[in-house]
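Have a look at the structure below, then the notes.
Each reported figure results from applying straightforward, stated rules to the coordinates on display, with no laboratory input. Quick caveat, the model's predicted, so the values are computed rather than measured. Here Cβ is always computed from backbone atoms with ideal geometry, including for glycine, and neighbour counts include all displayed protein chains.
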Amino acid sequence: MNQIPSLPPLREGALANPDHDTLTADVVIIGSGMGGGTLAWALKDAGLGVLIVERGQFLPREPENSQPDHVFIKKRYVTSQPWYDAKRGQPFQPGVYYWVGGNTKMYGACLPRFRRSDFEEVTHHDGISPAWPFRYDELEPFYARAEELFEVHGALGEDPTEPEHSTPYPYPPLSHEPAVARFAVRLRHQGLHPFHMANGMHLPSMTDRRADTTADGSPSATGNKSDAENRAVRPALQSPTVRLLLGAYVRRLHTSPDGHTVAAAEAQLGERTVRIEAKTFVVSGGAVNSAALLLRSVSDQHPTGLGNSSGLLGRNYMVHNSTFFLAVNPVRRNDTAWQKTLGLNDWYEAGPDTPYPLGNLQMLGKLRAPMVKAARSWVPMWALKTVTDRSLDIYLSTEDLPRPDNRVTVDGDRIMINWTPNNLAPHQQLVKRISRAVRKAGYPIVLSECMGIATNSHMCGTAVAGTDPSVSVLDPNCHSHDVSNLYVVDSSFFPSSAALNPALSIAANALRVAPTIAASAGAKGGHGDAIRGREPRPSRLDR
Ligand SMILES: Cc1cc2nc3c(=O)[nH]c(=O)nc-3n(C[C@H](O)[C@H](O)[C@H](O)COP(=O)(O)OP(=O)(O)OC[C@H]3O[C@@H](n4cnc5c(N)ncnc54)[C@H](O)[C@@H]3O)c2cc1C
């Protein structure tokens, strides 16, 4: 069995010198999260000068990483910059984290592949979930590489909806602790098919599990969580051709006078403005920030936002319908340290008793009283502790559909979110079925809460990819239809949201498009197995 590698130290010269007012590179990647970080890793041997530009810093490893009161009540790591609910005109604190590694610093490392059906057109209760411009088979080899890179633990043959894998999971599944194992048995007795959920945590012992028990929603102080910083960005920075510019907020992109190409990114570094020039620009700021950056980058040639000839930039914002669900047996304690080992997809697709797809059940890391206190400030801590010491904590997600009116807009530097949830009937149906199943499994009390506008962990869709430039922002390789050297490589390109965690699909896609991006910046090809060149395509304005 392979050992999880220890964290590579930073190479001397890996950090770009912030004293220069102009920086240059072959490829500039804006954002170091799942999309940007994985792309940087894929380009590390391409012989290109790669500059990652990240608004955040390295997240410090410190005791507070795993102290829920600091993370959830004092909000130590989440951004304090609000977004605005456009319908109500109210600010809210989004669940976004500006650090090297982006939101993966806090994620639960659940790393499933999307199902084969997620790439096809599927009829849902509220309408059509559109097909992707490429199919599962095209992404499959890159899923396999992404699973290797993020050291995914999982099991094949348990989940009937699991698509074919060309390679087994690189690591065996994380075992269930007793309360979860008992739950799995009781679900099986009901004819259901619980399975070991794919996960990027490396937890060989109970000591490791206890050390990382809060790491779903918190950083992992041990490094046992595969996040984009430790598995992609730091390894990429080992290459002499990859550098990272920290604390640099990219405010806008400037184009050449004819508007055909991006000439430079303008970044705010404290009080200073830095100009960054490159052959190829890749925006990977996360679905909302990427759209916001392009919408801010208006010019005479791109009056409604850069690369927005379709008018769809910022639209089709999706976040999943999701519910936090507590199943409580008052006379049984739940001592599980790392609970996120089980999944259930029995109602993921339409079937004999399900006229339309519902969604996925997975476990939360393990809820602790201070995590709930943040949302229930009036409930005494002892009461929350009584409940969470006895609860199985479940996360239910179902697909929301792309709607042009669900959109990101900008008002100067303000980010506005216009969001009305849709396709809620399947979500309610899933909550109902799971309530029945957990009661039968011995948990008589059910507490649940449907998440709102601030729970945007699975955001996507704001720059959809497609073959027709009139109804998509990007081509199937995440290349702007309008601007010849502009790519968007994060969840913005998703044409539909599926009903599963997005991070592995973001990473696999970054590996898939890396050769195209390398070729666009002049790579000769043959630089390692992530880079096999394709010809860059001309921009729509060139055609
Ligand atoms: C609490 C939590 C739990 C989650 N759990 C899971 C899970 O278990 N499984 C899963 O698959 N997904 C999970 N997710 C979602 C997952 O983390 C995201 O889907 C994924 O990180 C998105 O990747 P991205 O590249 O699109 O953006 P991000 O990873 O967020 O990266 C964006 C990066 O861009 C930087 N940036 C943004 N704007 C700018 C700018 N203008 N200039 C410079 N830099 C900029 C940001 O600082 C950030 O580093 C979770 C998320 C959260 C918050």
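Structural remarks
- Residues whose placed amide H lies under 5 Å from that of Asp85, excluding near-sequence neighbours: Gln90, Phe92, Ile417
- Estimated vicinal HN-Hα couplings, Hz - the range 84-101 in sequence order (Karplus 6.51, -1.76, 1.60; Gly, Pro = x): 10, 6, 5, 6, 9, x, 9, x, 9, 8, x, x, 10, 10, 9, 9, 4, x
- Translational diffusion of the range 298-386 was estimated from the Stokes-Einstein equation, with Rh taken as the Kirkwood radius over Cα pairs; at 20 °C and 1.002 mPa s the coefficient is 120 µm²/s.
- When the convex hull of its Cα atoms is viewed from all sides, the range 53-177 shows a mean projected area of 12.3 nm².
- The Cα center of the range 43-75 and the Cα center of the range 285-342 differ in position by 18 Å.
- Here the range 350-495 is treated as a sphere whose radius is the Kirkwood value from Cα pairs; by Stokes-Einstein at 25 °C and 0.890 mPa s it diffuses with a coefficient of 132 µm²/s.
- Rounded to the nearest 500, the 222 nm mean residue ellipticity of the chain from helices alone is -5500 deg cm²/dmol, with -39,500 (n - 2.57) taken per DSSP H run of at least 4 residues.
- Rounded tilt (10° steps) of 136-149 against the dominant C-alpha axis of the chain: 80
- Projecting the Cα atoms of Ala278, Asn321, Ala291 onto the charge dipole of the range 271-333 (Cβ charges, centred on the Cα centre) puts Asn321 farthest toward the positive pole.
- Simple point charges give the picture: +1 on the Cβ of Lys and Arg, -1 on the Cβ of Asp and Glu, and for the range 193-317 a dipole about the Cα centre of about 80 debye.
- Within the chain, percent of DSSP bridges classed antiparallel, to nearest 5: 70
- Projecting the Cα atoms of Val408, Leu504, Ala369 onto the charge dipole of the chain (Cβ charges, centred on the Cα centre) puts Ala369 farthest toward the positive pole.
- Averaging the Cα positions of each part gives two centres, and for the range 191-227 and the range 393-424 these lie 28 Å apart.
- Electrostatic dipole magnitude of the range 426-477 [Cβ: Lys, Arg +1; Asp, Glu -1; Cα centre; debye, to 20]: 640
- Size descriptors for the range 122-280, from the alpha-carbon set: Rg then Dmax equal 22.0, 67 Å.
- Remark: the Cα gyration tensor places the range 166-206 in the oblate category, a/c being 1.5 or greater and a/b not exceeding b/c.
- Separation of alpha-carbon centers, the range 107-165 and the range 427-469, rounded to whole Å: 17
- Normalised by 2.2 N^0.38 Å, where N counts its residues, the alpha-carbon radius of gyration of the chain equals 0.92.
- For the chain, the longest principal axis of the C-alpha atoms and the axis of helix 287-296 are separated by about 30°.
- Percentage, to the nearest whole number, of Cα pairs in the range 224-364 over 19 Å apart: 71
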